[in-house]
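Data block below; observations after.
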Amino acid sequence: MLVKAHAKINLLLDVLGTRADGYHELKTVMQTLSLCDDVILEPAPAISLAVAGANLTAGPENLAYRAADLLRKRTGYRGGAAVRLIKRIPLAAGLAGGSADAAAVLCGLNKMWHLGLGIDELSFLGAELGSDVSFCLWGGTALCQGRGEVVTPLPALPSAGVLLVKPHFGVSTADVYQRYDTLASPNHPDIQEMLTVVKNADMSGVVKKLGNSLEQVTLALHPELQLLKDEIATTGATGVLMSGSGPTVFGIYADPPSAVRAAGIVKKENRWVQATAFYPENNQKVGCSGAVIR
């Protein structure tokens, strides 16, 4: 069984403050991308994991392994699965690669093990694994609240090309949030206006309302990210923003071929560059049941 684990970007990310449980209260509009990892599942007597395409642990610390183990424990399933990850989404990039893998495992094993869990039940389990896992189960375009695990699907946006550029360095998400908490005047993008333009399928409005509260922190730590944003803007992007806590910066284009052309312009040895697109396109089915290829 093959399950596609799709990356995401944040079209808008607003941090509202720190919760009693230590997490941050968020309002964010997320968008699934065509870029994906492959998660291959086979029946087996126990749970095992193999990883190709990234220097990533294949032990119980891996989120995909934890997803399989949690699903088995909570449902009492007696068998196992051999899980293989083929990684294309870079690590620590703000693109939810690990969360997408975990969601794909939950989705695929629910089918392979004939457990019959609905997406709400899977999302409840996903929230235990990570804040983005629930969204990765739903996919498409969605408003995510709480620490990110409360998902409200939104109407699908029109097709668009996306350019992703990740510099050679990484950032610590925990460090970015800690520094955000010390800001005297944090930025708060307009979530209500973004929701309005998304619901109206107004892409020109979407690119005007792009915003990320964490940008001011990560860009202060790495001023070269502002130069990268400026560079992407010169390639025909209608909007440019950092995804999540960074360091990946994305540009939105009128169509996927425009994103491919832009990738050729900005490609350099010291950065990861990928042209992709909004997913799904043409009202394709999204969500857990639409992700599995037998």
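Kindly indicate which of Asp69, Asp38 is assigned by TED's automatic domain parsing to the domain that holds Asn10, part of a strand (DSSP E or B) and modelled with pLDDT of 95 or more. Criteria check complete, one pass: Asp38. Is at least one residue of the stretch 65-75 closer than 24 Å to Gly94 by Cβ, polar (S, T, N, Q) and in contact with a Leu (Cβ under 9 Å, 6 or more places away or on another chain)? There is no residue in the stretch 65-75 that is closer than 24 Å to Gly94 by Cβ, polar (S, T, N, Q) and in contact with a Leu (Cβ under 9 Å, 6 or more places away or on another chain). If you check Ser213, Ser204 for being exposed (fewer than 14 other Cβ atoms within 10 Å of the Cβ) and either hydroxyl-bearing (Ser, Thr, Tyr) or touching a residue at least 60 places away in the same chain (Cβ under 8 Å) (or both), only one passes: Ser204.
Applying the set (1) buried (at least 20 other Cβ atoms within 10 Å of the Cβ); (2) out of contact with any strand residue (DSSP E or B) (no Cβ under 9 Å at 6 or more places or on another chain); (3) among the β-branched types (Val, Ile, Thr) to Thr141 leaves exactly one unmet item: (2). Evaluated against (1) β-branched (Val, Ile, Thr); (2) touching a Ser or Thr at 6+ places or on another chain (Cβ under 9 Å); (3) touching a residue at least 60 places away in the same chain (Cβ under 8 Å); (4) outside the structural domain of Val206 (by TED's automatic domain parsing), Val150 falls short on exactly one condition, (3). Being closer than 12 Å to Leu71 by Cα and either in contact with a Pro (Cβ under 9 Å, 6 or more places away or on another chain) or of a type in the set (Phe, Trp, Tyr) (or both) holds for only one residue in Trp113, Trp138, and it is Trp113. State whether one or more residues within the stretch 107-120 are of a type in the set (Asp, Glu) and modelled with pLDDT of 95 or more. There is no residue in the stretch 107-120 that is of a type in the set (Asp, Glu) and modelled with pLDDT of 95 or more.
All conditions but one from (1) at pLDDT below 95; (2) part of a loop (DSSP other than H, G, I, E, B); (3) farther than 21 Å from Pro247 by Cα apply to Ala54; the one that does not is (3). Of the residues making up the stretch 2-19, not a single one is assigned to a helix (DSSP H, G or I) and polar (S, T, N, Q).
The values are calculated or read from the model by the stated rules, or taken from the named source; none is laboratory data. If you're wondering where the values come from, they're calculated on a predicted model, not measured in any experiment. Note that each Cβ is placed from the backbone with ideal geometry, even for glycine, and that neighbours are counted across all protein chains shown.
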